[in-house]
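These notes are about the structure you will find just below.
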Amino acid sequence: MKIDQNLVIPKSDSWKMFNAISGRYDFLNSLLSLGQDLRWRRALKRFLPDSEGQTILDLATGTAGVLIVLAKNNPMIKRGYGVDLAVKMLEIGRKKIKLQHLDDRLVLKKADAQALPFPDEAFDCVTISFGIRNIPDLRLVLLEMYRVAKKGGRIIILEFSKPENPLLKAGHWLYLQMVVPLVGFLFSGNFKAYTYLNQTIQAFPYGDRFCKILKQMGFVNIEPHPLMGGAATIYVAQK
Ligand SMILES: C[S@@+](CC[C@H](N)C(=O)[O-])C[C@H]1O[C@@H](n2cnc3c(N)ncnc32)[C@H](O)[C@@H]1O
């Protein structure tokens, strides 16, 4: 499923843009989401499988925010891997992992989420947050998530969506269309990156449409959990 037409940056090059803004990425995430991004990542924790000795994989891991939140103070996670194509994002992630003394359990690798360097059925849980709408081929990444998850294993996807309430929806649209590109440009000097953010959010098949795609890909027990009136959604599903 390719929806690259008219994007200011083709999805196949998005990792280059993330390399370019890597130094400002965490700061701008918190600023532009008014601190919600951390709350949303923390919300993922309650959907992790409830079993000891888990091995998890986080795709499009960026600066490893999700892996750190999931593994910190959680001895049930024995090992966590994160992959991304943007090596500069990974470098920052490695520093953060070391600072949190999690480097004995968390490992970051450069890899494409559409062609993972892991064997079949290797992970108890596979996550991706604010990443899936950046991947050129949505079906390829979902196929890979399915392949590397253990039988009965879980996938957890956190992605932007759109509020249902018409007032919230209008405010959300204005915020993405005007505020995000402007503030993003002022703090990162990169206008395209934050226009791209808006464009990919608008184009992503969220909610029921995304649940249908997960079903078509073979996942079961699919549950959408909207956050902040639907500005983001956590999708939980099982292989
Ligand atoms: C918005 S960031 C999300 C980072 C992190 N998951 C978070 O929650 O902050 C999207 C990430 O997707 C990565 N990315 C884009 N295309 C990719 C691909 N084909 N394979 C792996 N990572 C990719 C980018 O490099 C970037 O780090």
What do you reckon, how do E144, E52, E223, E159 stack up by accessible area (1.4 Å probe), largest on top?
E52, E223, E144, E159
Quote the accessible area belonging to T55 in square angstrom, nearest 10, computed with a 1.4 Å probe and with ligands, DNA and RNA left uncounted.
20 Å²
With label points built 7 Å along Cα→Cβ from the Cα atoms of A122 and Q100, find their separation and express it in nm.
2.1 nm
With the other protein chains left in place, how much accessible area per residue, in square angstrom, belongs to segment 170-239 at a 1.4 angstrom probe?
49 Å²
Ignoring ligands, DNA and RNA, what percent of the accessible area of segment 28-102 is carbon or sulfur (1.4 Å)?
54 percent
So which of K11/K192; K98/K192; K16/K110 end up more than 20 Å apart, counting from Cα to Cα?
K98/K192
Can you spot the aspartates and glutamates whose alpha carbon is less than 14 Å from K162's alpha carbon? Ignore those fewer than 8 places along the same chain.
D208
Write down the percent of antiparallel bridges among all DSSP beta bridges whose residues are both part of the chain, to the nearest 5.
40 percent
Candidate lysines for bridging to K150, where Cα separation is under 20 Å - those fewer than 8 sequence places away on the same chain excluded
K45, K78, K215, K239
Per residue, how much accessible area does segment 78-124 have with a 1.4 Å probe, in Å²?
55 Å²
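The values are calculated or read from the model by the stated rules, or taken from the named source; none is laboratory data. Keep in mind that this is a model prediction, so the values were computed, not measured. Because the Cβ atoms are built from the backbone with ideal geometry, glycine has one as well, and the counts that use them run over all protein chains shown. SASA here: full protein model, heavy atoms, side chains in, ligands and nucleic acids out. Shrake-Rupley method; radii C 1.70, N 1.55, O 1.52, S 1.80 Å.
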